[in-house]
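To start, the structure itself, in structure tokens.
The values are calculated or read from the model by the stated rules, or taken from the named source; none is laboratory data. Keep in mind that what you see is a predicted model, and the values were worked out from it rather than measured. Cβ sites come from the backbone with ideal geometry, for glycine too, and all protein chains shown count toward neighbours. Keep in mind that these areas ignore ligands, DNA and RNA; they rest on the heavy atoms of the full protein, side chains included. Shrake-Rupley method; radii C 1.70, N 1.55, O 1.52, S 1.80 Å.
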Amino acid sequence: MGILEVKKELNQKYVEFYKEAFRAGTLSWKEKELIAIGVALGAGCERCYKFHLERAIKAGATKEEVREAIGIAEVVMAGTVRGMSEEQ
């Protein structure tokens, strides 16, 4: 059981924070969900990836856009490994 399940008021604050962050602004909801897909993959959170993939599709993301977001995540993550290996 996680902290958000134990502390209901903390969970409510998280939900409010989440909704505000994903509200359309300069970036559209779809763009934010595509970013979230990349972040979820970089963080290694399969549950987050599936959640944001579903929401990106609901927001109108195409398969091609999702594939491109995943490709960018792959490049960025490969770059982090490359950067660390160059320090040796």
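Which members of region 12-23 meet the condition of being in a helix (DSSP H, G or I), of a type outside the set (Gly, Ala, Ser) and loosely packed, with under 14 Cβ neighbours inside 10 Å? If the condition is that a residue be in a helix (DSSP H, G or I), of a type outside the set (Gly, Ala, Ser) and loosely packed, with under 14 Cβ neighbours inside 10 Å, then Gln12, Lys13, Tyr14, Val15, Glu16, Phe17, Tyr18, Lys19, Glu20 are the ones that fit. Scanning region 73-83 turns up at least one residue that is open to solvent by less than 50 Å² (accessible area, probe 1.4 Å) and in contact with a Gly (Cβ under 8 Å, 6 or more places away or on another chain).
Taking the criterion of being charged (D, E, K, R), open to solvent by 70 Å² or more (accessible area, probe 1.4 Å) and under 17 Å from Glu74 (Cα atoms), the only residue of region 24-46 that qualifies is Glu46. Quick check on region 27-34. Is at least one of its residues touching a residue at least 24 places away in the same chain (Cβ under 8 Å) and acidic (Asp, Glu)? Looking for residues that are touching a residue at least 24 places away in the same chain (Cβ under 8 Å) and acidic (Asp, Glu), one finds at least one in region 27-34, hence yes.
Between Glu64, Glu5, which is loosely packed, with under 11 Cβ neighbours inside 10 Å, modelled with pLDDT of 95 or more and more than 24 Å from Val81 (Cα to Cα)?
Values: Glu5 fails: modelled with pLDDT of 95 or more.
Within the list Glu64, Glu5, the selection yields Glu64.
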